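Q: Structure incoming, see below.
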Amino acid sequence: MLKYEVVIIGGGSSGVEAALYARSLGMKVAIIEKFRWGGRKVHAGLFKAKQLQKCANVALSLREASSSGFDISSFEVDYSRLQNKMFSNAMKHASRIYSELITAGVDCYAGEASVDVNQIIRIENQAMRAENIILATGSKEKIPDLDGLSKKDFLTIDQLYELNELPHEVTIIGGGLTAAETALSLAPLGTIVTILENDKDLMLQEDAEVRYMMKKQLAALNVTMLPNQKNMRATNGKVMLDDIPIHHEHLLIACGTVGNFEIARDLQVEIANTYIKVNQNNQTTEDNIYAIGSVTKSSQSAAKKVIHHILQTTIPYKPQIEVMRIHSTPPILTVGMNENELHEQVDVFKGTVEMLSEEVSFEWCKSMVKILIDQEFGEILGAVIIGENANEIMTKLVKLIQSEGTIEDFHQMIPSISVDQPKRNKIV
């Protein structure tokens with residue numbers, strides 16, 4: 001039987017990071033991936049979405065050029081060609097990931113893993129035992145429970161990128177950020193988009209400023225937004241609102257994701273709500289089994305932290321600060337937590353920054369900045385930046401967070417900031 005210090009189940013971004021880092025520290029490592037190297041980020045949502053977003057941005061630029069006097073009477077999108085390019089780029093990226101793992105000396109296994117209560121891992125005809133198991137099994141799309149809908153009646157986000165023709169008309173069930181970004185990618189290309197949400201508004205989990213900006217862009221592209229649809233149901237594959245059928249060429253489900261917990265259940269680790277229960281070291285309820293990535297509640301990458309804990313090293317580890325870039329014009333960047341996620345007293349600093357943008361050459365641009373500060377310790381908990389120079393400002397802010405700087409340091413770093421008096425919030 002093969003024996004490893006660490007076996008990682010899941011070859012997405014978190015699993016690959018853990019494998020490469022463990023191997024760089026001399027550990028004997030194996031990684032198992034049942035689909036394609038890189039996971040959903042490469043072969044479905046994030047990687048392909050970015051390429052579709054680039055195409056949408058070109059379409060918006062053409063529209064702007066037309067309004068400025070250029071004669072652009074019409075343009076067509078060769079969606080089949082775009083889809084082939086997205087697939088080709090994804091496969092090239094997956095090949096690079098696999099090559100990097102092999103070069104590093106990680107043993108790679110392709111196929112679906114199974115485990116038993118004795119923690120014996122099997123894949124096809126191979127059996128292995130690990131001193132430590134890291135679950136990086138990723139997520140799958142969450143499908144709402146709508147009677148009258150079968151799998152043949154709708155598309156998932158993953159399936160959207162497999163179409164060979166640009167959809168003429170799409171109705172999206174789900175009013176979160178993914179639905180809004182998808183609409184902003186399709187509408188500039190000519191797709192008629194309707195968003196249905198049963199909550200009182202779209203994107204309620206996002207900051208108010210993000211929600212306002214995204215809805216403003218959706219409205220400008222004639223996207224129909226129908227929140228508060230409590231009576232939404234389905235009959236014979238058609239969505240009904242108050243017994244009135246909604247016409248659509250394609251019905252798209254964009255209701256978020258849920259973790260792949262099959263292996264976790266086989267290993268009898270505890271699952272709390274919709275995440276694997278872990279402690280501050282990302283250990284599950286079994287001491288030698290860890291969980292990282294989207295199967296856990298934390299959005300931060302914990303791969304390096306887990307490896308250090310396994311090795312019981314005293315090397316200080318600072319979590320990687322992950323910036324979320326929302327598909328938007330102008331750009332929207334967020335970091336850390338937002339007001340809806342915080343359950344403590346915070347100071348909210350909100351204002352504008354005017355500076356020379358590197359992206360828009362020789363043009364002074366204004367950006368909206370909102371920074372959330374812990375009232376007791378002055379720690380920066382999160383931020384939202386909207387504007388053409390958002391990338392430059394966020395780069396400075398991330399460095400400040402890494403150095404445990406304060407809002408006063410931010411003022412010194414960017415003297416042109418104009419910030420309102422802080423609003424003191426107690427969020428319950």
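Q: Got at least one residue in the stretch 251-263 being of a type in the set (A, V, I, L, M), part of a loop (DSSP other than H, G, I, E, B) and within 20 Å of the chain's Cα centre (by Cα)?
A: Just the residues of the stretch 251-263 that are of a type in the set (A, V, I, L, M), to begin with: 251-254, 258, 263.
So of that shortlist, the ones also part of a loop (DSSP other than H, G, I, E, B) come out as 254.
With within 20 Å of the chain's Cα centre (by Cα) added as a condition, the list becomes 254.
Yes: the stretch 251-263 contains one or more residues that are of a type in the set (A, V, I, L, M), part of a loop (DSSP other than H, G, I, E, B) and within 20 Å of the chain's Cα centre (by Cα).
Q: Name the residue that is nearest to Ile173 (Cα to Cα), counting only residues in the stretch 214-232 that are part of a helix (DSSP H, G or I) and aliphatic (A, V, I, L, M).
A: Within the stretch 214-232, the subset part of a helix (DSSP H, G or I) is 214-220.
Pick out the ones that are also aliphatic (A, V, I, L, M) and you get 214, 218-220.
Details: Met214: 17, Leu218: 15, Ala219: 17, Ala220: 20 Å.
Among those that are part of a helix (DSSP H, G or I) and aliphatic (A, V, I, L, M), it is Leu218.
Q: Still on this model: Out of the stretch 207-236, which residues are in contact with a strand residue (DSSP E or B) (Cβ under 8 Å, 6 or more places away or on another chain), of a type outside the set (Ser, Thr, Tyr) and modelled with pLDDT under 90?
A: If the condition is that a residue be in contact with a strand residue (DSSP E or B) (Cβ under 8 Å, 6 or more places away or on another chain), of a type outside the set (Ser, Thr, Tyr) and modelled with pLDDT under 90, then Asp207, Glu209, Gln229, Asn231, Met232, Arg233, Ala234 are the ones that fit.
Q: Here's another thing I want to ask about it. Restricting to the stretch 285-312, and then to whatever is under 24 Å from Gly38 (Cα atoms) and hydroxyl-bearing (Ser, Thr, Tyr), can you tell me which residue is surrounded by the most Cβ atoms within 10 Å (Cβ to Cβ)?
A: So, considering only residues that are under 24 Å from Gly38 (Cα atoms) and hydroxyl-bearing (Ser, Thr, Tyr), the one surrounded by the most Cβ atoms within 10 Å (Cβ to Cβ) is Tyr290.
The values are calculated or read from the model by the stated rules, or taken from the named source; none is laboratory data. Owing to the predicted nature of the structure, the values given are computational and were not obtained by experimental measurement. Here the Cβ is made from the backbone with ideal geometry for all residues, glycine too, and neighbour counts use every protein chain on show.
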